[in-house]
Amino acid sequence: MKQAYHRTQLDNGLRIVSAPRWGSESAAIGIWIGVGARHEPTRISGAAHFLEHLIFKGTKHRSSRQIKVAIEGAGGSLNAFTDEEFTSVVAKVQAKDLGSAVEVLSDMVLHPELDSREMEKERQVVLEEIRMVRDLPMHFVHDMLNSLLWPGHPLGRDIAGTPGSLGRIRRADIVRFQSRYYRPRNVVIAASGRLSHRDLVEAVTRSWGKVAPGRPAHCRKPAGRQRRPRLKIENKETEQTHFSLGFHAFPRSHPDVQALSLLNVLLGGNMSSRLFQRVREEQGLAYEIGSQVKRFRDAGLFSISAGVEHKHLVRCLKTVLNELKRIRREPVSPREFKQALEYLTGQILFALEDSVEHMCWIGECEMLLGRVQPAEVILDQMARVRRQDLTRAARAVLCSDRLSLAVIGPVKKDVQRQVADLLV
């Protein structure tokens with residue numbers, strides 16, 4: 001049975017999308033705000049993430065504790081996250097409490113208190129978060145890779161900002177930021193689970209119907225693609241040497257996004273992938289190695305990352321680069337192609353069984369594409385991909401002259417030269 005999706009747009013521009021699932025006992029609700037790290041001025045980078053923290057500290061109608069008790073005290077869960085292109089505030093509740101959750105989340109987004117004292121305390125919390133990530137090389141190496149791929153552009157910055165930029169953010173900056181971006185024409189409200197779309201629209205209208213429209217956020221496009229390899233090594237005493245290598249990839253609406261998704265599965269998306277088999281199972285060089293794809297409105301990223309014993313860095317990189325060369329030159333076998341297609345199909349269907357995952361699917365689609373993409377459409381697009389499409393995607397994206405490599409670890413000078421030589 002096909003999933004039914006509903007969409008309503010209020011007069012002020014706010015969009016409401018839902019995926020009712022009457023077999024569920026829960027409902028998930030998310031307020032998606034079209035502002036993320038790439039919309040920030042350099043001076044206050046990290047502002048979107050900082051504001052996401054601050055809306056939990058109380059509103060003009062509720063204390064911080066009252067916000068949490070209103071959701072968690074009724075058996076629900078509450079969360080939020082900031083991405084490069086959006087901010088999302090999410091709750092999962094019993095179906096009977098959806099209307100209350102809409103009201104609480106809307107209060108957080110529309111009426112945050114932004115108390116100066118709470119702001120200073122939360123500034124320290126975020127600063128500790130930044131420090132924590134920098135102490136975790138398996139995470140920080142991805143930030144380093146982003147800075148190589150998009151130097152001087154917001155996509156190349158840490159979503160949380162830097163200690164310096166965080167310190168420059170004043171209350172007036174946050175107030176302006178919230179007033180500018182947390183407005184109906186820049187907001188999508190998505191819900192999935194046991195719900196009535198009509199009741200959802202009524203609940204949203206009560207909180208948002210009289211709010212002035214505002215205007216959508218805009219951001220600067222990234223510069224053109226790089227023309228030669230880039231390398232950054234942070235020499236640091238760590239237990240493992242961590243690396244992340246990446247390439248500019250397709251934006252979200254590119255016709256070959258599904259081919260690249262299948263290529264990702266085949267190369268490093270699971271334990272059956274080529275890189276996992278070659279690097280871990282056959283050579284024992286890493287506990288974990290994998291690849292991932294990220295898509296933005298006008299850009300994309302394909303990356304491969306691992307942590308290895310220091311002396312195995314060069315050998316592991318050679319193995320990875322050889323696999324990339326092979327995937328560009330040789331057609332994918334019918335068996336591998338079928339396995340990747342079956343795996344990705346299963347992962348999509350499994351994810352949509354969860355109300356939060358389903359809500360995130362439709363919320364992100366509506367926010368970034370302006371429409372909900374039903375799973376059947378995605379699965380049909382994937383079914384139309386052919387083995388030769390993967391080869392074409394590999395040759396378009398995995399170009400050795402446009403590779404970027406970030407490394408963290410105690411890398412000796414002679415090893416640094418060997419790594420640099422691999423990229424020539």
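The values are calculated or read from the model by the stated rules, or taken from the named source; none is laboratory data. Computed from a predicted structure; not experimentally measured. As a convention, Cβ positions derive from the backbone with ideal geometry for all residues, glycine included, and neighbour counts pool all protein chains shown. Please note that ligands, DNA and RNA were not included when accessible areas were found on the heavy atoms of the full protein model with its side chains. Shrake-Rupley method; radii C 1.70, N 1.55, O 1.52, S 1.80 Å.
Filter segment 97-117 down to the residues that are in a helix (DSSP H, G or I) and open to solvent by 50 Å² or more (accessible area, probe 1.4 Å) and list them by number.
SER100, GLU103, SER116, ARG117, listed by residue number.
Can we say GLU376 is out of contact with any helix residue (DSSP H, G or I) (no Cβ under 9 Å at 6 or more places or on another chain) and among the acidic types (Asp, Glu)?
In short, yes.
Any residue in segment 225-239 that is in a strand (DSSP E or B), over 30 Å from GLN124 (Cβ atoms) and open to solvent by less than 20 Å² (accessible area, probe 1.4 Å)? Before the answer, list the steps.
Here is the first cut: in segment 225-239, the ones in a strand (DSSP E or B) are 230-235.
Adding the requirement that they be over 30 Å from GLN124 (Cβ atoms) leaves 230-231, 233.
Cutting the leftovers down to open to solvent by less than 20 Å² (accessible area, probe 1.4 Å) gives us none.
The answer is no; no qualifying residue exists.
Suppose we keep only residues that are in contact with a Phe, Trp or Tyr (Cβ under 8 Å, 6 or more places away or on another chain) and among the aliphatic types (A, V, I, L, M) within segment 1-34. Which one would you say is most open to solvent (accessible area, probe 1.4 Å)?
LEU10
Output the qualifying pairs, or none if there are none: Cβ atoms under 7 angstrom, residues six or more apart or on different chains, first residue in segment 386-411 and in a loop (DSSP other than H, G, I, E, B), second residue of a type in the set (Val, Ile, Thr) and crowded, with 24+ Cβ neighbours inside 10 Å.
Final answer for the pair search is VAL411/THR241.
Open to solvent by 10 Å² or more (accessible area, probe 1.4 Å), modelled with pLDDT of 95 or more and within 21 Å of the chain's Cα centre (by Cα): does that describe SER77?
yes
Which fully enclosed helices (runs of 4 or more DSSP H) of segment 254-368 have 3 or more residues being of a type in the set (Lys, Arg) and surrounded by fewer than 18 Cβ atoms within 10 Å (Cβ to Cβ)?
Qualifying helices (runs of 4 or more DSSP H): 313-329.
How many of the residues in segment 384-402 are at pLDDT below 95 and not acidic (Asp, Glu)? I'd like the intermediate steps shown before the answer.
Narrowing segment 384-402 to residues at pLDDT below 95: 399-402.
With the extra rule that they be not acidic (Asp, Glu), the set shrinks to 399-400, 402.
Residues meeting the conditions: 3.
Could you grab the pairs with beta carbons closer than 9 Å, sequence gap of 6+ or different chains, first residue in segment 94-116 and within 15 Å of GLY76 (Cβ to Cβ) and at pLDDT 95 or above, second one crowded, with 19+ Cβ neighbours inside 10 Å and among the basic types (Lys, Arg)?
So the pair list comes out as ALA101/LYS92.
Looking only at strands (runs of 3 or more DSSP E) that fall completely inside segment 1-81, which ones have 1 or more residues that are under 26 Å from ALA160 (Cβ atoms) and touching a residue at least 12 places away in the same chain (Cβ under 8 Å)?
Working: elements: 6-9, 15-20, 26-33.
By residue number, 26-33.
I need a count of the residues in segment 124-179 that are free of Cβ contacts under 8 Å to residues at least 24 places away in the same chain, of a type in the set (Asp, Glu) and in a loop (DSSP other than H, G, I, E, B).
Counting residues in segment 124-179 that are free of Cβ contacts under 8 Å to residues at least 24 places away in the same chain, of a type in the set (Asp, Glu) and in a loop (DSSP other than H, G, I, E, B) gives 1.
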